[in-house]
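Trainee: One structure, pasted below without further comment.
The values are calculated or read from the model by the stated rules, or taken from the named source; none is laboratory data. The shown structure was predicted, so the numbers you read here are calculated from the model rather than taken from an experiment. Methodologically, a virtual Cβ is constructed for each residue, glycine included, from the backbone with ideal geometry; neighbour enumeration extends over all protein chains shown. Note: areas computed on protein heavy atoms with side chains; ligands, DNA, RNA excluded. Shrake-Rupley method; radii C 1.70, N 1.55, O 1.52, S 1.80 Å.
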Amino acid sequence: MSKPSPTPDRTTNWSSYTASLRKRGSLLIWLDKDMTWLAPQDGNPGRPAVFS
């Protein structure tokens, strides 16, 4: 039994290929404006708890 011949991987639509490569590295972050950025005070002495 012989192996099937491999199909060549050739890009024919270079503009679409380039656009998909650019999208692959993008990172989208959603931030809520109403979000509480500082931790509530717990009454203990020391450094205040702050979210990074």
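Trainee: What figure, in Å² to the nearest 10, do you get for the accessible area of T12 with a 1.4 Å probe and non-protein molecules left out?
Mentor: 130 Å²
Trainee: Treat each spin label as a single point 7 Å out from the Cα along the C-beta direction, and report the L27 to T11 distance in nm.
Mentor: Computed distance between label sites L27 and T11 equals 2.4 nm.
Trainee: Suppose accessible area is computed on protein heavy atoms with a 1.4 Å probe; arrange D32, D9 from highest to lowest. Walk me through the numbers on the way to the answer.
Mentor: Numbers: D32 90, D9 150 Å².
I get D9, D32, largest accessible area first.
Trainee: Hey, if we sort W14, W30 by accessible area with the 1.4 Å probe, largest down, what's the order?
Mentor: My answer, sorted largest first, is W30, W14.
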